[in-house]
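The values are calculated or read from the model by the stated rules, or taken from the named source; none is laboratory data. No experiment lies behind these values; they were computed from the predicted model shown. Don't worry about glycine lacking a Cβ; one is built from the backbone with ideal geometry, like all the others, and counts go over all protein chains shown. Please note that ligands, DNA and RNA were not included when accessible areas were found on the heavy atoms of the full protein model with its side chains. Shrake-Rupley method; radii C 1.70, N 1.55, O 1.52, S 1.80 Å.
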Amino acid sequence: MKRVLLMAAVVPLMVASAWADYKEAPMLAALVAAGELPPVEERLPLEPKVRAVFDEIGTYGGQVIVFGNSPNPWAPLVGENPEGTPTPIRMDLDGSFEPDLALDYHLSDDYMTFTLTLREGSKWSNGDPFTAEDFSFHFNDMQKAELGYVWAYPSQVKTVTAVDDLTVVIEYSEPYPKVAQDLVTYKGTDWTLYQPSTWLKQWHAEYNENANAMAKEEGFDNWQDAFSDHSTFCCPQRNIERPTMAPFMLADVQPTFRLKERNPYYFAVDSAGQQLPYIDSGLIQIIADGEARRLKVIGGEADFATIPLDAYPLLVQGQQSGNYNLNLLEAWFEGTGLAYAFNLNIKDEAKRPFFENVEFRRAISLAIDRERINEAQWLGQGTPSQMTITKLASIYRPEWGEDHPYARHDPDEANRMLDALGLGERNNDGIRLLPNGEPFIVINAFHGQTPLRAYELVKEDFEAVGIGLELRPADGSVIDQGMSGGTIDFVRWNETIGEFQDYLSSGGGHTQSLSHMANQYWIWWQEMNNRRTGASTETGDLPGEEPPPELQEYFQTQIVESKRHPYGSPEQRAASSKAWELQAEWLWNIGVVQAAPMVMVYRSNLGNVPDQVPAFFEGDIGFNLYADQMFFKN
Amino acid sequence: MSTETRAPMHAPTQSAAASRAEEQREQYYVASHWVLMRRKFTRHKLAVVSAVILAVLYFTAVFAGFFSPYDKIRSRTELAFLPPTRVHVFHDGRLQMPFVYGLAQERDPATFLLVFSEDRETRYPIRLFVRGEPYKLWGLIESRIRLFGVDEPGVVYLFGADDLGRDVLTRVIHGAQISLSIGLVGIALSFVLGALLGGASGLLGGGVDMIIQRIVEFIEAMPGLPLWMALAAAIPLEWPPVTKYFLMSVILSILGWTGLARTVRGKILQLREEDFVTAAKVAGTNNLRVITGHMLPNFVGYLIVHVTLAIPGMIIGETGLSFLGLGLTSPTVSWGVQLQQASNVSVIALNPWLLIPGLFVFVTVLCYNAVGDGLRDAADPYK
Amino acid sequence: MASYIGRRLFYMVLLLIMLSFVAFAVIQLPPGDWIDNFIYYMERFGVTLDESAIEALNKRWGFKEPFHIQYWKWITNIIVRGDFGESATHNRPVAELIGERIMLSIVISLSTMVVTYIIAIPIGIYSATHPYSVGDYTGVVFGFMGLATPNFLLALILMFLFQRYFGWSPGGLFSPEYLVAPWSFAKVIDLMKHLPVPLFVIGTAGTAGMIRVLRTTLMDELGRQYVVTARAKGVREGRLLFKYPIRLAINPMVSGLAGLLAGVVSGEALVSIVLSLPTVGPLLLTALLEQDLQIAASLILFLGSLGLFGTLISDLLLVVVDPRIRFEKQM
């Protein structure tokens, strides 16, 4: 993923010759006329980002009304950054990478040095210049100086240098091929990568001799405290004074709503030279309860929303009166499928040999009636499948998912296999007996208020082959500890995973379930790997337990091999494929359904709405994601 | 209070014989107290009707397997969200024994909903005492006899089906088993605690009273929600939900006694000043006797009322906690669980029959309150 | 009287200290903390937080420090500086979060109390004066409707019906178009459209208890000799009723005030959650679910002190309203 500087050389010439002047929103033009704002040419960088819009060039004006669940960082933090802060690099819907906030980027051939070139003249929403200093300030003045609350760079980062105003050089202590991919996610935002340094320096004694006095005035003990408070990282962003690079800046924060207004200094234009965003403002009304939110969307109050599939029938019925359109998006994130994992390191010695036995896992996989679950939970719209990478991925193979030999429903075969494993004895209720005489009952902990219909159907499928399954609701932290501690037998995990997430995750992604549900193995392998790479200098016995060879091979392929090369390279694709082949063979995760669609609801006259889920995306598509190019058709 | 009218009955007498006679008379009066109470209770028509309804509900719940036509947990996804079955008595314009038509279903390609229609060609008469799916009465007696039903593959779902195609009527009946009973032990515990501590507070006074009152204040000031959540998270996962909920209700009943304790204390403070108690004391009756013989009959009615009114609170409480995910969860069947599943927009708009358990909660709570009112009025039978 | 109040205040402070400790302990009873929850949540979506990120969070919020140190920091900050800490979830000071919600909580509680009284008092008086009549039964059944229906369900159903048949925007207090707008006549109308459901649902939940108290005490009073005497002397029924018995029957309702102050917040929690009202109840619930320590502990302390104050005030009020009650008995 090395970009040649050719583009950078050609584009500015085109830009300079194509538009003598840029156009701006009427509300900004009025401010310029009143002398409260510099003209648009001065606000835009010399070479603004030219946004290729999805459908058509838009027109200015209007307010988008959306609903949020709470002023809470969790949901929107996932995948996309909550305030819609642009990242230096962006991934397009088709999966290609484009410089965005940055003018260009370059990764050295040894993957050790990464250079970002910024757009000359780009500015924060308060008019402060956006420079390389904003990056080095984050790393040197904050992270290394342990000042303020800072979301640190990855540990492989050795130095961050502002070579000049427009050039940032990041040096790594070991090859780091995925930096460009990192920067597409929340790791490339103004709370993880760069800071509004000009603004923050007001509270820094080294840059402002009055910083202490200012801190006292604001009610803090010293300048460090004041600095920390102002630097406090995102989610939700609470400080309306803090400048942003996003298309919209925060104008008001209340318990019932968040109001965002257009950023007059936003760095992107459309191909007609109109400064983006088209829409004047966004109102995010906080409606905490999911049902109330759903009612509002069905009633046509939202201009844009994504909603789980089970509301679809009602949405179709309300479409006429609600004046909205519906898109069914094939998706792969939470809620669009179902998969499970057994705890390979369960403490219960009687169960453990079975959970670790691939024959047992295959038998269970055969016992599950995927069609029925798909009908009952996803209105028949998902894809019954083994657990694997999403079927939308370029490396997907049907024999890993839909056509997996153990993804069919065959309880008779499952029964035969379980009998052959020495589980032939049953008690009066028809539950098989473990060798120690105890009934074979699996504890399935789940997160949330109530079990999904699907969970109850899986329970029935288990019982049909003589294995008991008990559903237990629990808090996230309880489940977390129960998995690693070896007290929870069976959990829902990672229904499917996107290709991009699979690459990005370091010990996460698909292996994440194993890091919890084979915790002892994971600890062992991780420490072993750290010692091998020199990241750990410990000696003596390795902690945890040595994993079986197939698992070691899997960890090696998934965590090490597939991350040695940039995303999309043949080496990376081959290694990732190998990892998924291992999963298909060993069934550490048992899949049920994948790729059920999400419903996107949008106002009938809203333009430039995406018709597919972007490859880098993992959660609910919020208004922020494509906010800068959406517009209202007249 | 009509205590004044009773006071003269405890006129002081000195001789042993007279006191025996007085005791006999008193026994008569105490006995007649209950008789009077019953008479008074039957005057409260609503209370009587309510008591009968409650009796029917409990009876049905006890023999749930027999009264419910289907299995409570086994899913039949092909019948998901089946509307309540229509029972017909006319076919081709002629009167018949009650019967239902067969069913045909398909998925609507536009809305993805399962749509059901009646297949007028096939008919299934409703029979009484049919052999249905097997069940175990009280977990012991195996049986297949159910009150009513139709031959397979006919379906008679009088209250419709839930999201997994299970009979709502069946689940209401089974849900009653848990909803009507699970909090009873907790209530009994808090009742005993409340009566004892309230009694001690009122009778002993002084330092004991002061401490108990401060404890009452403290407990009442503490919001309940955090306690529930902490308990819910602290109980081991392996425990079945019903056990867990039962245990939580028991633990929390340790905190639930304050209301009754205050009532009892207030009542005792009030009674202490009444003439007949003073009279008994002057007559030399010992303290215990004063309490059991003279004061207790006077507020036993209140105690009973307190219990009858605590039960509906517990039924509503179960629904609320299940709604928050802190109470019972499916596949356990209770009214709270059913209402939790029904509390979403799709159900209200498309499958309102899933709200039927709410109707049962409503009626039950109302009945308990009416019975409580009747008992309260009856507790003062001398008016 | 002064020494009585003094003693009560002293005990209250003692109880508050205990309460603060219990509040802090109870929240930490479930295993894990906010960060564990956060990590789990992120992982469910396939996002693994780097060690450095987790470290940053720990440093920021200090959840991994031992219990007594966290408690000490929290409580001394409150006492010395009136600083209730910051919420990890909201990334804002707790005092601000509670502050912006408490007014609405109080407004809703007070207005629902009015609704409760408006419904409960007439029914209570009528059924006490006409016991066992059809009117008595009807009134009582109506009054018990709110108690007998699970509130969360009633709220949801009403919200649905109001939207479907009147087109009123469900949930929250304002439709989006009036959220940001300055106060105007139209905005008031919009607010009015959002109030009936919460007021009715929360209001009717309390009527049952009120009716019962009123009915029973009033029936007791009406049987007393002074009433009989007055009636024998030919005092008209209406005057008879309002002269003393009703005043006396109102007494227990005053002691109900104690619960009311605490109920300001806890009573409406479920309904507020369903209706998405920005009150304190949902704040507490989510804080507990997410183990947002600072908010949860501060709120429990806050609600607890409201409850204790309520008891004290209602005890004092009772003394004022009903001179028959002496301090000695109260203690």
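If I take R0 = 60 Å and measure r between the Cβ atoms of A:Glu218 and C:Tyr165 in this structure, what FRET efficiency does the formula 1/(1 + (r/R0)^6) give, to the nearest 0.05?
For R0 = 60 Å, the calculated efficiency reads 0.70.
Give me the base-10 log of I(q)/I(0) for chain A at each q in 0.12 Å⁻¹, Debye formula, one uniform scatterer per Cα, rounded to two decimals.
-1.34
Label 7 Å along Cα→Cβ of A:Leu31; region A:122-144 residues with amide nitrogen under 11 Å?
Under 11 Å, as judged by backbone N against the label point of A:Leu31, lie A:125-127 of region A:122-144.
Less than 12 Å Cβ to Cβ from A:Glu585, Lys/Arg counted +1 and Asp/Glu -1: what total charge do the surrounding residues give?
Charge balance in the 12 Å sphere: -1.
Give a quick list of GluC sites (Glu not before Pro) in region A:117-178 that DSSP marks as loop, anything other than H, G, I, E or B, with at most 16 other Cβ atoms within 10 Å.
Within region A:117-178, the qualifying GluC sites (Glu not before Pro) (loop, at most 16 other Cβ atoms within 10 Å) are A:Glu120, A:Glu146.
Averaged over peptide C:164-174, how many Cβ atoms belonging to another chain are found within 10 Å of each residue's Cβ?
5
Measure off 7 Å from each Cα along the Cα-to-Cβ vector at A:Ala52 and B:Leu288, then give the distance between these two points in nanometres to one decimal.
9.5
Given a Förster distance of 51 angstrom, what is the FRET efficiency for A:Thr59 paired with A:Asn208, based on the Cβ-Cβ distance and rounded to 0.05?
With a Förster radius of 51 Å, E is 0.75.
Take each of the peptides B:104-110, C:115-121, A:22-28, average the number of other beta-carbon atoms within 10 Å over its residues, and list them starting from the highest.
C:115-121, A:22-28, B:104-110
Between C:Ile202, C:Ile125, C:Ile69, which gets the highest mean-square fluctuation from a Gaussian network model of chain C, Cα cutoff 10 Å?
Taking springs between Cα atoms under 10 Å, the residue moving most is C:Ile69.
If one takes the longest principal axis of the Cα atoms in chain A, at what angle in degrees, from 0 to 90 and to the nearest 10, does the Cα axis of helix A:570-586 lie?
Helix A:570-586 and the main axis of chain A meet at about 30 degrees.
Write out the GluC sites (Glu not before Pro) in region A:461-553 meeting two conditions: DSSP loop, and at most 16 other Cβ atoms within 10 Å of their Cβ.
Passing both the DSSP loop test and the Cβ count: A:Glu538, A:Glu545.
How shielded is C:27-39 by partner chains, expressed as the average number of their Cβ atoms within 10 Å of its Cβ atoms?
Whole-number average of other-chain Cβ neighbours for C:27-39 is 5.
Using the 2.2 N^0.38 Å rule of thumb for compact globular proteins, work out how the protein assembly as shown stacks up: its C-alpha Rg over that value, please.
1.02
Calculate the FRET efficiency for B:Glu121 and B:Phe148 from the Cβ-Cβ distance with a Förster distance of 30 Å, rounded to the nearest 0.05.
0.85
Counting only C-alpha contacts under 8 Å and six or more residues apart, can you give the relative contact order of region C:59-169 as a whole percent?
9
So between A:Glu585 and A:Thr533, what do we pick up on full extension, going 0.36 nm a residue minus the alpha carbon distance?
Length gained, A:Glu585 through A:Thr533: 15.9 nm.
Note the buried accessible area between C and B here, summed over both chains, with a 1.4 Å probe, in Å² to the nearest 100.
4700
Can you check what the Kirkwood hydrodynamic radius comes to for chain B, Cα pairs only, in Å to one decimal?
24.5
Tilt of helix C:151-166 relative to the longest C-alpha principal axis of chain C, in degrees (0 to 90, nearest 10)?
With rounding to tens, the tilt is 90 degrees.
Tell me the angle of helix A:453-464 to the major Cα principal axis of chain A, expressed in degrees between 0 and 90 and rounded to the nearest ten.
20
Take every residue in peptide B:108-118, count the Cβ atoms of other chains within 10 Å of its Cβ, and give the average of those counts.
Across the residues of B:108-118, the mean count of other-chain Cβ atoms within 10 Å is 3.
With a cut-off of at most 10 other beta carbons within 10 Å, and DSSP calling the residue loop, which chymotrypsin sites (Phe, Trp or Tyr not before Pro) in region C:147-228 qualify? Please list them.
Those satisfying the criteria are C:Trp183.
Counting helices only, and only those DSSP H runs with n ≥ 4, report the 222 nm mean residue ellipticity of chain B as the sum of -39,500 (n - 2.57) divided by its residues, in deg cm²/dmol to the nearest 500.
Here the helix-only value at 222 nm equals -18500 deg cm²/dmol.
Under DSSP H, which helices of chain B have Cα atoms covering 24 Å or more of the helix axis and a Kyte-Doolittle average no less than 0.0?
In chain B, the long hydrophobic H runs are B:45-62, B:184-204, B:296-324, B:356-379.
What does the helix-only formula give at 222 nm for chain A: each DSSP H stretch with n ≥ 4 adding -39500 (n - 2.57), the total divided by the residues, and the result rounded to the nearest 500 deg cm²/dmol?
Helix contribution divided over all residues of chain A: -8000 deg cm²/dmol.
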